[in-house]
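All remarks here apply to the structure that follows.
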Amino acid sequence: MEIENKRVLGLELATDPRWVEMAEMSIEDILTDHAYCEQKAAASCMSLIQKYPEHELLVDELAPIVTEEWGHFRMVLKELKKRNLSLGKQRKDEYVNGLLQFIRKGVSARDLLLDRLIVCAMIEARSCERFRLLSLNINDDSLKKFYHQFMISEAGHFKLFLELASKYSNEEISRKRWLECLEYESALLKNLTPRGDRMH
């Protein structure tokens with residue numbers, strides 16, 4: 001399965017391929033950050049389920065994602081151990097913290113859920129794009145295969161979150177909000193210094 005960010009994900013700003021070179025300088029750091037990203041993704045899905053138990057479809061769709069994301073966390077831990085590397089401490093995620101500012105305050109419960117789902121979709125889309133770069137350009141063949149499978153998984157999650165956003169709002173409104181988020185995310189990235197020890 002091939003992912004091309006402009007056509008499938010719609011991202012306005014592509015990651016500079018040289019980011020992979022920075023990531024390769026410390027595999028331990030990038031794997032550590034990746035592990036915590038998977039942990040936070042599981043926690044995010046659990047939080048949505050806890051906040052919206054009345055939305056049966058959301059609960060049914062996200063419950064398996066919790067298990068999958070936690071499984072991914074364990075996969076990254078296994079990869080670290082295989083390489084005799086250690087899980088480091090979690091670092092502040094400026095990218096995700098910045099994206100969370102996109103979520104509006106003082107809006108209806110419907111619009112709040114829409115924004116939360118859109119932000120989740122955005123994180124999955126950018127993760128998918130970064131995993132794609134690693135799967136294509138990292139020099140370690142084992143890690144190429146490792147990240148290819150994550151790329152495919154994130155693409156599916158991205159699609160699911162957008163489908164849920166459309167379901168619990170409507171297609172026109174969710175599409176408009178997604179386009180606004182794409183613009184917001186592009187501006188956010190331009191103001192962040194690229195880091196080789198961060199997945200985002």
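Structural remarks
- Residues that are outside any helix (DSSP H, G or I) and either modelled with pLDDT of 95 or more or under 22 Å from Ala41 (Cβ atoms) (or both) occur at least once in segment 123-138.
- Residue within segment 153-170 that is closer than 28 Å to Ala109 by Cα and assigned to a loop (DSSP other than H, G, I, E, B) present: yes
- Applying the set (1) touching a residue at least 24 places away in the same chain (Cβ under 8 Å); (2) surrounded by 12 or more Cβ atoms within 10 Å (Cβ to Cβ) to Ser86 leaves exactly one unmet item: (2).
- Looking only at residues of segment 23-61 that are polar (S, T, N, Q), within 17 Å of the chain's Cα centre (by Cα) and within 21 Å of Lys81 (Cβ to Cβ), we find that the one that is surrounded by the fewest Cβ atoms within 10 Å (Cβ to Cβ) is Gln39.
- Of all residues making up segment 161-172, the number that are farther than 20 Å from Glu54 by Cβ and not charged (D, E, K, R): 1
- Leu188 modelled with pLDDT of 95 or more, loosely packed, with under 14 Cβ neighbours inside 10 Å, in contact with a Gly (Cβ under 9 Å, 6 or more places away or on another chain) and not in a loop (DSSP other than H, G, I, E, B): no
- When Leu114 is tested against (1) exposed (fewer than 14 other Cβ atoms within 10 Å of the Cβ); (2) out of contact with any Leu (no Cβ under 7 Å at 6 or more places or on another chain), exactly one condition is not met: (1).
- Residue selected from segment 89-101 under the condition touching a helix residue (DSSP H, G or I) at 6+ places or on another chain (Cβ under 8 Å) and surrounded by 15 or more Cβ atoms within 10 Å (Cβ to Cβ), by the criterion farthest from Phe150 (Cα to Cα): Gly98
- Qualifying residue in segment 12-20 (condition: under 20 Å from Thr193 (Cβ atoms), among the polar types (S, T, N, Q) and surrounded by 15 or more Cβ atoms within 10 Å (Cβ to Cβ)): yes
- Hey, Arg104 surrounded by fewer than 20 Cβ atoms within 10 Å (Cβ to Cβ) and not in a helix (DSSP H, G or I) or not: yes
- Each residue in segment 128-169 was checked for being of a type in the set (D, E, K, R), farther than 25 Å from Leu113 by Cα and surrounded by 21 or more Cβ atoms within 10 Å (Cβ to Cβ), and 2 of them qualify.
- Test: Leu113 is closer than 19 Å to Ile49 by Cβ, part of a helix (DSSP H, G or I), more than 17 Å from the chain's Cα centre (by Cα) and in contact (Cβ under 8 Å) with a residue 24 or more places away in the chain: yes
The values are calculated or read from the model by the stated rules, or taken from the named source; none is laboratory data. Since we're looking at a predicted model, the values are computed, not measured. With ideal geometry, Cβ positions are generated from the backbone for all residues, glycine too; neighbour counts draw on all protein chains shown.
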